[in-house]
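Before any comments, here is the structure.
The values are calculated or read from the model by the stated rules, or taken from the named source; none is laboratory data. Owing to the predicted nature of the structure, the values given are computational and were not obtained by experimental measurement. We place every Cβ from the backbone using ideal geometry, glycine too, and count neighbours over all the protein chains shown. In case anyone asks, the SASA skips ligands and DNA or RNA and just uses the protein heavy atoms, side chains included. Shrake-Rupley method; radii C 1.70, N 1.55, O 1.52, S 1.80 Å.
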Amino acid sequence: MDFLDLDHVEFHVGDARQAAYVLSAGLGFRLLAQGGPETGLPGQRSLLLGQGGCRVLLTSGLEPGHPAARYVARHGDGVAVLAFGVRDAAAAYAGAVSGGALGLEPPRERGGVVTAVVSGFGDVVHRLVQRPGAGGGFLPGLVAVPGAPEPGPELVRAVDHAAVCVPDGQLDATVAYYCEAFGFEVVFEEYIEVGRQGMFSRVVQSPSGGITLTLIQPDGSREPGQVDDFLAWHGGPGVQHLALSCGDVAAAVDAMAGRGVGFAPTPDAYYDTLPVRPAERLRSRGILLDRDHWGELYQIFATSLHVRRTFFWELIERHGARTFGTANIPALYAAKERELAALRVPAARGGVVAK
């Protein structure tokens, strides 16, 4: 099995056009292609957006029984497909199934692109995508948008990693699944404390380094927090956030903030605890700074744009750093905790619901 990269991410959403507007107007994505019943995609409307090497597919079901409509009814808008680029879709499919994955769609070739689908976690699946050396469409049923504008300055380059929340007690099994079915390896692990809350985190990565999943489980022995909130509001395991790699995270924050995107605030005292005072351009924007053995990284969480306050975006800029920074992770989740704390109200049976 040769998993190359995260080929694209597909969201199932209630209104693909509205979701596309938010991504383009707020985060700087461009509409690249579209499809629907008239292009051979019955019962759905799909829009493909891109920026740098990042591709996001938005799909809305036009009929109640469509898988995208059923997903949205259960979870709200969210990531339904993490697509893996592969050299050989048939071999990757066979290897994943022999390693314990459930085969959902066997390999088939359409328009020069070979795709297959296997199980992932919760209601999220993995599309295996084998592309021809050159040419060909993105996916069958998607046609290029005529007169699409030329790309301007691009704020993001690609998806750095996907963060996945799983219920208490499922982390070990989920890690084992990705190691056995896909040949991923554990490259980082940490226990994170935020006040009286705790969570376990393990990062699995493809041998190519092109696909990285951060798997997060709440510590059931501590007070419930934001991971518990996600699992309750989303309705089970799912992608909590996608991290977008940037060449200049400060410039990206400025541009996105100017378009109405909010970011989780960072207390000024955070910067006073760092061994080296960061540049003022990081402090003034609330961007976090950290280091590992290989270099530096800068990170910040955007506030959620989703009505359930589940999925959100992260911006990350790496300068040699390969991991996620020991200090940044608690600080990032503390910032998100401050954002979400005001949204919690007691539920009738002792849980929490989003305002």
Got at least one residue in the range 178-201 being more than 19 Å from the chain's Cα centre (by Cα) and closer than 18 Å to residue 318 by Cβ?
yes
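One line per residue, one yes/no per condition, for (1) in contact (Cβ under 8 Å) with a residue 40 or more places away in the chain; (2) farther than 18 Å from residue 33 by Cβ; (3) within 20 Å of the chain's Cα centre (by Cα):
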position: 68; (1), (2), (3): yes, no, yes
position: 72; (1), (2), (3): yes, yes, yes
position: 79; (1), (2), (3): yes, yes, yes
position: 99; (1), (2), (3): yes, yes, no
position: 106; (1), (2), (3): no, yes, no
position: 121; (1), (2), (3): yes, yes, yes
position: 124; (1), (2), (3): yes, yes, yes
position: 133; (1), (2), (3): no, yes, no
position: 146; (1), (2), (3): no, no, no
Provide a single number: the residues in the range 240-280 that are more than 25 Å from residue 227 (Cα to Cα), in contact (Cβ under 8 Å) with a residue 40 or more places away in the chain and among the aromatic types (Phe, Trp, Tyr).
0
Restricted to the range 307-322, and to residues that are of a type outside the set (Ser, Thr, Tyr) and assigned to a loop (DSSP other than H, G, I, E, B), which residue is surrounded by the fewest Cβ atoms within 10 Å (Cβ to Cβ)?
307
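Let's see how each residue does on (1) open to solvent by 60 Å² or more (accessible area, probe 1.4 Å); (2) in a strand (DSSP E or B); (3) among the aromatic types (Phe, Trp, Tyr):
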| residue | (1), (2), (3) |
| --- | --- |
| 107 | no, yes, no |
| 120 | no, yes, no |
| 153 | yes, no, no |
| 160 | no, yes, no |
| 169 | yes, no, no |
| 172 | yes, no, no |
| 179 | no, no, no |
Could you check, for the range 40-58, whether at least one of its residues is without any contact (Cβ under 8 Å) to a residue 60 or more places away in the chain, over 23 Å from the mean Cα position of the chain (by Cα) and open to solvent by 60 Å² or more (accessible area, probe 1.4 Å)?
yes
How do the strands (runs of 3 or more DSSP E) wholly within the range 1-62 filter down when requiring 1 or more residues that are acidic (Asp, Glu) and under 20 Å from residue 306 (Cα atoms): which remain?
3-12
Looking only at residues that are closer than 20 Å to residue 163 by Cβ and not in a strand (DSSP E or B) in the range 289-306, which one is modelled with the lowest pLDDT?
292
Quick one: residue 193 ticks every box in (1) within 25 Å of residue 219 (Cβ to Cβ); (2) of a type in the set (D, E, K, R); (3) assigned to a loop (DSSP other than H, G, I, E, B) bar one, so which box is it?
(3)
Here the residues within the range 81-97 that are of a type in the set (Gly, Ala, Ser) and more than 20 Å from the chain's Cα centre (by Cα) are 89, 90, 91, 92, 94, 95, 96
When residues of the range 183-200 are filtered for being within 13 Å of residue 215 (Cβ to Cβ) and open to solvent by less than 50 Å² (accessible area, probe 1.4 Å), how many remain?
5
